Amino acid sequence: MPYNVTILNTGCRFQVNDGETLLQAALRQEVPVPWGCGGGVCGVCMAQIVSGEVRYPDGEPLALFEEDAAAGRLLPCVSQPCSDLVLNVPEMGKDWEPWR
């Protein structure tokens, strides 16, 4: 079952298919989210969960510290949704322009 993801303050919405990470789904649908390594090591893609839940099928990523997880942050590059999500991606605020 696909889940819907909304990124606050951007108008960006996309669907994530079963077995797909948030980053894979966003890039497949040309949603220009910030990312770096794609493997949970650098933390460039870190975002805040406003609502919903995710899981890490390969275990907790290196760049997601306990305090980040406790504060409701996630790494889209290695997380899969367990529900519809609303995310706050600080780099994608009101003055944000995607790299193209």
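Charge dipole of the chain (Cα centre as origin; +1 on each Lys and Arg Cβ, -1 on each Asp and Glu Cβ, all else neutral): 280 debye, rounded to the nearest 20.
The 3J(HN,Hα) values that the Karplus relation (6.51, -1.76, 1.60; θ = phi - 60°) gives for region 31-40 are, in residue order, 8, x, 7, x, 7, x, 7, x, x, x Hz. Gly and Pro appear as x. The relative contact order of the chain comes to 36 percent, based on Cα pairs under 8 Å that sit 6 or more residues apart.
Helix-only arithmetic for the chain: the sum of -39500 (n - 2.57) across DSSP H runs with n ≥ 4, divided by the residue total, places the mean residue ellipticity at 222 nm at -2500 deg cm²/dmol. Put simply, the amide H of residue 77, placed in the peptide plane, has neighbours under 5 Å in 23, leaving out anything fewer than 5 places away on its chain.
Electrostatic bookkeeping for residue 84 treats Lys and Arg as +1 and Asp and Glu as -1; over the other residues with beta carbon under 12 Å from its beta carbon, the sum is 0.
Under 5 Å from the amide H of residue 12 lie the amide H atoms of 7, each residue being 5 or more positions distant or on a separate chain, with H modelled from the backbone and absent for Pro and chain starts. In this structure, the amide hydrogen of residue 54, modeled 1.01 Å from its nitrogen in the peptide plane, lies closer than 5 angstrom to those of 82, counting only residues at least 5 positions away or on a different chain. With θ taken as phi - 60° and the Karplus curve 6.51 cos²θ - 1.76 cosθ + 1.60 applied, the whole-hertz 3J(HN,Hα) list for region 49-58 is 7, 8, 8, x, 9, 10, 9, 10, x, 9 Hz, x standing for glycine and proline.
The charge dipole of region 19-78, taken about its Cα centre with unit charges on the Cβ atoms of Lys, Arg (+1), Asp and Glu (-1) only, comes to about 160 debye.
3J(HN,Hα) along region 11-21: x, 7, 9, 7, 10, 10, 7, 3, x, 9, 7 Hz, from the Karplus curve 6.51 cos²θ - 1.76 cosθ + 1.60 with θ = phi - 60°, whole Hz, x for Gly and Pro.
When DSSP beta bridges are restricted to pairs lying wholly in the chain, around 80% turn out antiparallel.
No lab work stands behind these numbers, since they all come straight from the coordinates. Everything quoted here is computed from the prediction, not taken from an experiment. So basically every Cβ, Gly included, is an ideal-geometry build from the backbone, and we count neighbours across all protein chains shown.
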